[in-house]
1. For residue 326, work out the one condition from (1) closer than 23 Å to residue 408 by Cβ; (2) open to solvent by 10 Å² or more (accessible area, probe 1.4 Å); (3) among the aromatic types (Phe, Trp, Tyr) it doesn't fulfil.
2. Being of a type outside the set (Asp, Glu) and farther than 26 Å from residue 493 by Cβ is the requirement here; does residue 556 meet it?
3. Would you mind finding the one in 310, 346 that is under 17 Å from residue 204 (Cβ atoms) and either at pLDDT below 75 or of a type in the set (A, V, I, L, M) (or both)?
4. Condition first: assigned to a loop (DSSP other than H, G, I, E, B) and either within 16 Å of residue 234 (Cα to Cα) or open to solvent by 40 Å² or more (accessible area, probe 1.4 Å) (or both). Now tell me which residues in the stretch 21-35 satisfy that.
5. Restricting attention to the stretch 560-577, report how many residues are open to solvent by 10 Å² or more (accessible area, probe 1.4 Å) and within 42 Å of the chain's Cα centre (by Cα).
6. Step by step: first the residues of the stretch 544-575, then only those that are among the small types (Gly, Ala, Ser) and assigned to a helix (DSSP H, G or I), then the one that is farthest from residue 607 (Cα to Cα). Which residue is that?
7. Among the residues that make up the stretch 398-409, is at least one of them in contact with a strand residue (DSSP E or B) (Cβ under 7 Å, 6 or more places away or on another chain) and polar (S, T, N, Q)?
8. Of all residues in the stretch 91-105, which are open to solvent by less than 20 Å² (accessible area, probe 1.4 Å) and β-branched (Val, Ile, Thr)?
Amino acid sequence: MALPEVRMLTAAPASRVLRFDNFELDVRAAELRKAGVKLRLQGQPIQVLATLLNNPGELVTREELRGQVWPAETFVDFDHSLHNAIARIREALGDSAGTPRYIETLPRRGYRFIGAVERVGVEEPLPSEGTKPFIEVSLAPPRSRHRAILISLLLMTLVIATVLALVFSHRASAAPSVRSIAVLPLDNFSGDTAQEYFVDGMTDELITDLAKIGGLRVISRTSIMRYKGTRKALPEIARELNVDGIIEGSVTRSGQRVRITAQLLYGPTDKHLWAETYERDLGDVLSLQSEVARAIAQQVRAQVTPQQQARLKAVRPVNPEAYDAYMRGRYYFFNAFTTPQDLALAKTNFEEAVQKDPGFALAYSGVADAYLYSALFRQVSPETAYGPAEDALRHAQKLDDNVGEIHDTLAVISWRYNWDWAATERELNHAIALVPSYICAHEDRAQYLAFRGRRSEAEAEVAKSLELDTSVSSAMTEAAVYYQLRDFDKLVEASRRGIALNPDEWVEHLFLGIGYEGTGKRLESISEYQKAVELSGGDQDATVALAHAYAGIGRKAETQKMLQDLQKKSTKVYVSPYLIATLYASLGDKDTAFKFLDQAYREKSLEMSWHLKADLRIDNLRSDPRFQNLLSQVGLKD
């Protein structure tokens with residue numbers, strides 16, 4: 001009988017840079033570049049590639065890769081992790097398992113790099129966690145009696161059992177805790193830049209699914225999109241977003257097939273925790289997204305309630321053409337929802353999705369949002385928008401009443417159009433209960449609470465929003481809250497922060513102008529109002545704010561001219577009667593101002609439920625009994 005002989009081998013040294021074709025791997029920096037451009041490949045995939053490149057033309061066994069890249073204390077499914085590391089490498093290189101140019105699979109044995117490799121630079125250790133030995137077992141001739149062999153085997157069994165016990169007892173403590181997570185923009189590996197809208201949409205949907213998990217803080221879409229194509233290191237991104245976990249991956253779409261490759265890393269140390277690849281037909285893409293979210297939740301050991309688990313599993317097939325149209329609609333809506341052209345394109349695509357698949361709840365929700373925001377930005381009248389929006393939401397609820405977006409939109413309609421304060425609060429709370437990290441619901445709730453004068457609750461929601469979103473969106477919410485509270489000093493501070501994040505956001509310049517006006521800085525306010533008008537392309541609210549400011553410094557002729565232009569414009573497009581009322585108030589014509597306020601009340605102008613309590617432009621009307629009566633009619637009288 002042969003006695004197993006165990007000896008320890010160390011990894012061979014590696015060159016500083018390894019080149020092949022137009023790729024190069026910088027071993028020290030752990031970076032793969034193609035034609036000088038850094039590719040998003042990190043963690044274990046980089047280490048596996050380095051090991052293969054340092055042994056070109058040679059079989060590298062699975063055992064050798066495990067010993068080199070995955071230390072004993074790593075808590076992963078090795079087979080899945082290795083499979084996904086190879087898959088990520090092949091995607092980065094544009095390689096194929098069936099017809100390999102670079103990495104050849106030797107079934108049940110390992111892998112071989114079959115390309116030519118050029119070594120550049122000094123010899124250094126491989127970029128692994130220290131120099132990891134692997135075990136090679138060979139058979140030696142018997143050198144002792146049978147009794148000695150048995151004793152040796154028993155001793156080896158005892159040693160192995162002890163080591164395994166230590167490893168498994170260490171795993172739980174070795175796995176880092178992940179309580180917050182950011183999904184970086186998924187990479188488009190489809191080989192078609194026209195698919196960017198689809199890949200961005202898949203990123204959005206994964207964020208939305210993860211946001212349903214109450215025990216996990218999930219960073220918003222608007223915060224992570226600035227990292228699209230970034231070269232920043234993961235620890236730096238994790239620090240900027242204040243998260244433990246980072247999800248990165250790729251989407252490959254080929255015809256009616258979709259493949260997602262995702263990996264979870266511990267952000268502060270760039271430590272690889274998990275990786276997996278999923279592939280489905282486009283019609284099953286909703287279940288694919290849900291499966292990825294459930295797998296991530298399991299890996300971070302997030303507390304998922306039975307209700308949340310059920311909602312993640314409750315998905316249905318969707319018509320592929322409908323889903324594609326829905327993704328296009330989301331792309332237009334999220335990227336430029338304040339512009340008429342993009343809102344119109346979003347609405348068209350959402351309506352196409354409904355036509356292609358009348359059972360697709362999210363498509364109806366998208367239709368409602370497109371109508372809602374068209375009215376909010378005065379592109380259509382409230383009565384034109386709100387009937388179709390409410391019809392679409394009713395359809396969506398019948399299909400799936402567990403969609404957070406539906407209840408958030410219902411809340412906004414209840415607030416801005418129906419003036420139903422109890423329904424507004426109920427729907428906002430329900431939206432957040434369904435999707436605890438849904439940033440839009442938190443932002444809307446913060447603004448609504450401020451509108452109702454509940455300062456401490458509003459500021460608590462602002463703080464929550466800032467935990468989930470570090471972009472201009474939450475900065476704008478903070479400014480809106482201080483506008484509603486008429487805290488003009490804080491409004492100046494908040495809007496300045498928003499402008500620092502995005503100097504071209506016209507709403508922030510409008511808020512800053514209001515803040516300046518509220519603190520007595522009239523000339524500074526005019527400058528900001530002018531910027532808001534220019535950047536918005538002549539938005540009515542910004543234009544009226546500027547006209548009002550002109551009246552405040554004695555330039556009433558200009559105010560009168562802008563009022564006449566606005567009334568002339570109202571014969572062709574919708575102009576809010578509330579805004580016309582504010583200009584009559586600015587000119588001192590209170591009777592005509594109340595005439596237009598009455599018209600705004602009768603048509604339920606959206607400005608009534610936004611501006612009525614906070615607007616500086618109508619301060620000279622507030623002591624009039626007619627104004628107090630108006631507050632009572634709207635339901636805002638204290």
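The values are calculated or read from the model by the stated rules, or taken from the named source; none is laboratory data. Note that the structure is predicted; figures quoted are calculated from it, not measured. When we count neighbours, we look across all protein chains shown, and the Cβ atoms used for this are built from the backbone with ideal geometry, even at glycine. The area values use the complete protein model at the heavy-atom level, side chains included, leaving out ligands, DNA and RNA. Shrake-Rupley method; radii C 1.70, N 1.55, O 1.52, S 1.80 Å.
1. Among (1) closer than 23 Å to residue 408 by Cβ; (2) open to solvent by 10 Å² or more (accessible area, probe 1.4 Å); (3) among the aromatic types (Phe, Trp, Tyr), the lone unmet condition for residue 326 is (2).
2. Details: of a type outside the set (Asp, Glu): yes; farther than 26 Å from residue 493 by Cβ: yes.
So residue 556 passes the test.
3. Working: 310 fails: under 17 Å from residue 204 (Cβ atoms).
Checking each option against the conditions leaves just 346.
4. 21, 22, 28, 29, 30, 35
5. 11
6. That would be 557.
7. Residues of the stretch 398-409 that are in contact with a strand residue (DSSP E or B) (Cβ under 7 Å, 6 or more places away or on another chain), as a first pass: none.
Among the residues of the stretch 398-409, not one is in contact with a strand residue (DSSP E or B) (Cβ under 7 Å, 6 or more places away or on another chain) and polar (S, T, N, Q), which makes the answer no.
8. Of everything in the stretch 91-105, just one residue is open to solvent by less than 20 Å² (accessible area, probe 1.4 Å) and β-branched (Val, Ile, Thr), namely 103.
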